[in-house]
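Heads up, the thing below is written out as structure tokens.
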Amino acid sequence: MGKNTNNVMAYNLNLSSQWPVNPAFCFVFLCLASLPVSAQVEGESTESSLTEPSSNNPQEGPLDTIPYEHRVVNEKSNNSVTFYNDIQSYSAGLQEVTRRTNLVLGYRILVISDRSDAVVSQVMDEFYRSYRNLPTYKVFNSPYTELKAGDFSTYLEASYWTYQMKSDFRGAYVVQEVVNRRKK
């Protein structure tokens, strides 16, 4: 029996309606399954410390770090989900997407949310006259049209601007969402 030295491991969990799967069980299974398994090869001892990297992969870190991220991939079968573990390609891809798209998690001010597009457009004109230095976004989130303002990196900064505009727009409040990164 040889050792598995692949960086990618796959787990297939059957989710049939006859045997419902508890989400806590899936979490425990994935945590246990992501730990390295030592295989006993004939005539070879595999005793190693839990804080030392394994000898078959010198780039592998200690076990007190999280070894994998999980991605869910839909397979052709309707009753199974396959998890693929590959932290290197996943984190590198996520960093590349973030760098290219120039988007970060931040805060915006929700000025108004209404079913009528005309009402939101009227408030947008009034808002733009008062606060020209804040970028404004008119978003259709069915069935509502929303007017959002700002690209804030901290909640404190968004709260400051919300406090400033409370006299004009009483219903304004801070929401967390993906915002544009500021240019330096």
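The values are calculated or read from the model by the stated rules, or taken from the named source; none is laboratory data. Keep in mind that what you see is a predicted model, and the values were worked out from it rather than measured. Cβ placement follows ideal geometry from the backbone for every residue including glycine, while neighbour counts extend to all protein chains displayed.
Descriptive notes on the structure:
- Qualifying residues in region 162-178 (those that are within 11 Å of residue 109 (Cα to Cα) and not in a loop (DSSP other than H, G, I, E, B)) - the one farthest from the chain's Cα centre (by Cα): 165
- Yes/no for residue 175 being out of contact with any Lys or Arg (no Cβ under 8 Å at 6 or more places or on another chain) and of a type in the set (A, V, I, L, M): no
- From 119, 104, 111, 139, residue being without any contact (Cβ under 8 Å) to a residue 60 or more places away in the chain, under 22 Å from residue 178 (Cβ atoms) and among the β-branched types (Val, Ile, Thr): 139
- Check on residue 131, without any contact (Cβ under 8 Å) to a residue 12 or more places away in the chain and surrounded by 11 or more Cβ atoms within 10 Å (Cβ to Cβ): no
- Members of region 134-154 found to be under 24 Å from the mean Cα position of the chain (by Cα) and surrounded by fewer than 13 Cβ atoms within 10 Å (Cβ to Cβ), listed by number: 140, 141, 142, 154
- Identification of strands (runs of 3 or more DSSP E) wholly contained in region 56-161 with 3 or more residues that are among the hydrophobic types (A, V, I, L, M, F, W, C) and modelled with pLDDT of 90 or more yields 103-114, 144-152.
- Take the conditions (1) over 17 Å from residue 169 (Cα atoms); (2) assigned by TED's automatic domain parsing to the domain that holds residue 169; residue 109 misses just one of them, which is (1).
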